[in-house]
Amino acid sequence: MGILHEDMVLVKQEKEGDPTVITVNCPDKTGLGCDLCRIVLIFGLSICRAEDFSTDGKWCYMVFWVVEKPNTNWNLLKNRFLEVCPSYFSTSEMDYYRPQNQQPSPPDVFLLKFWCTYDREGLLHDVTEVLCELELTIKRVKVSTAPNGKVMDLFFVTDTRELLHTKNRKDETIHHLKAALGDALISCEIDVAGPELTACSQGSPNLPSEISEEMFSLELPGKNFYGCPASNSISVTMDNKFSPSHTLVQILCQDHKGLIYDMMRTLKDYNIQISYSRFFANPKGNCEMDLFIMQADGKKIVDPTKQDSLRSRLKMELMRPLRVAVVSRGPDTELVVANPVELSGRGRPLVFHDITLAFKLLNMRIFSVEIARHMIRGREWEVYRILLDEGSGLSLPRNKIEANVRNILMGWDNRI
């Protein structure tokens, strides 16, 4: 006897102020932990504790303690969890390491185009927040501000609910945008984006050489970046003596937004199976994580070269899960943010949302935006290039702009 599909995910809300407990009990699949942690990140929640992450390669059991935010839609979160959980019947034929032969067809891309009578601090973030709440995924953005102050924004989006082709869904989206922008909104249109429009949305094919070297390095940096934890504050150790069948990885580090997701996506890309894990973060932001892992062939990681490679990569993802730099673009100032794309093709969620939030909190305007993907050193990156509006002058030096944006992206509250 199996369990009902809807009972595979249970959400238990404790008393006010306590973390909400999410229990997942379902068949296993490659990267399931990564997919679930990604959903938690999409909903703007943070995991403060995770225990009993266990699997035998066929069935898994996971428990998350998450810190909720106001107005969290728990029913919708449960449905999103259920969507990535394999069905009970899949266990009879499941091979944990076998890639799925049938990939889902890519979702339709829609062009959301609107004009505003004037620009203001936080306008772009208000739009981005509405789209995120409506589960519209931003793929590309083209933002332009005319000399007279009028704004035209082009958002290339996909719809998680796959309903944006319907009149009701379009009307709902436009209604929420009008509520957020008020009288500033002149008009808003939503249409299917054809191949020619999608091609026009692509950003610059090449990145400036001054940011492409150090920024995209996969090696641990020889210096500490302003606002980043020092590499010596991160500990990643491996032990093959504790378990007869698994390599034990123990991690001590500083907490940041999406920490477990960063670990899970890294191990997923390395095709590493996690058989058991536990995670705990104390109120001071110090984290402890134990992972019992094995390779795709079911064996421990005993090769010192492979151990060093994995250890170095984990430390890098803990230290710099996103890359942030403020550079010159001719006479102007540009913020560049890059995040690694999973081998499955998905980028880190809510990056653009958090970038726009940072500038709203800093009372700074964005003049233009380019979002594009680049293959650099054999790895795909999603790169955000934000040209700053310097009409009112930059109130902060560049290194502090960089540090403040990084703090928001990492979920740290200490603005500089």
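The values are calculated or read from the model by the stated rules, or taken from the named source; none is laboratory data. Because the structure is predicted, anything quoted here is derived from the model rather than measured. For neighbour counting, all protein chains shown are included, and Cβ atoms are generated from backbone atoms with ideal geometry for every residue, glycine included. Calculation scope for accessible area: heavy atoms of the full protein, side chains included, ligands and nucleic acids excluded. Shrake-Rupley method; radii C 1.70, N 1.55, O 1.52, S 1.80 Å.
Computed from phi, the 3J(HN,Hα) profile of segment 137-150 under the Karplus parametrisation 6.51, -1.76, 1.60 (θ = phi - 60°) reads 8, 7, 9, 9, 9, 10, 10, 9, 10, 6, x, 7, x, 6 Hz, with x in place of Gly and Pro. Neighbours of Val341 by Cβ distance under 11 Å: Lys/Arg scored +1, Asp/Glu scored -1, total +1.
Remark: for residue pairs Lys78/Lys300; Lys12/Lys284; Lys306/Lys400; Lys178/Lys360; Lys12/Lys400, the C-alpha separation exceeds 31 Å in Lys78/Lys300; Lys306/Lys400; Lys12/Lys400. If only the Cβ of Lys and Arg carry +1 and only the Cβ of Asp and Glu carry -1, the dipole of segment 322-415 around its Cα centre is close to 200 debye. Bridgeable aspartates and glutamates around Lys58 (alpha carbons under 12 Å apart, same-chain partners fewer than 8 residues away excluded): Asp28, Glu93, Asp95. The heavy atoms of Glu83 offer some 120 square angstrom of accessible surface to a 1.4 angstrom probe. Descending by average beta-carbon neighbour count within 10 Å, the peptides 172-178, 356-362, 149-155 line up as 356-362, 149-155, 172-178, the highest first.
Once the chain from Ser233 to Glu14 is taken as fully extended at 0.36 nm per residue, the excess over their C-alpha distance is 75.5 nm.
Computed from backbone phi, the HN-Hα couplings of segment 350-367 come to 6, 5, 5, 4, 6, 4, 5, 4, 4, 6, 5, 5, 8, 6, 10, 9, 9, 8 Hz, rounded to whole numbers (Karplus: 6.51 cos²θ - 1.76 cosθ + 1.60, θ = phi - 60°; Gly and Pro given as x). Packing, as the average of other Cβ atoms within 10 Å across residues, places the peptides 252-260, 342-350, 66-74 in the order 252-260, 342-350, 66-74, highest first. Amide H contacts for Ile186 (H built 1.01 Å from N in the peptide plane; partners 5 or more residues away or on another chain; cut-off under 5 Å): Trp115, Cys116, Thr117.
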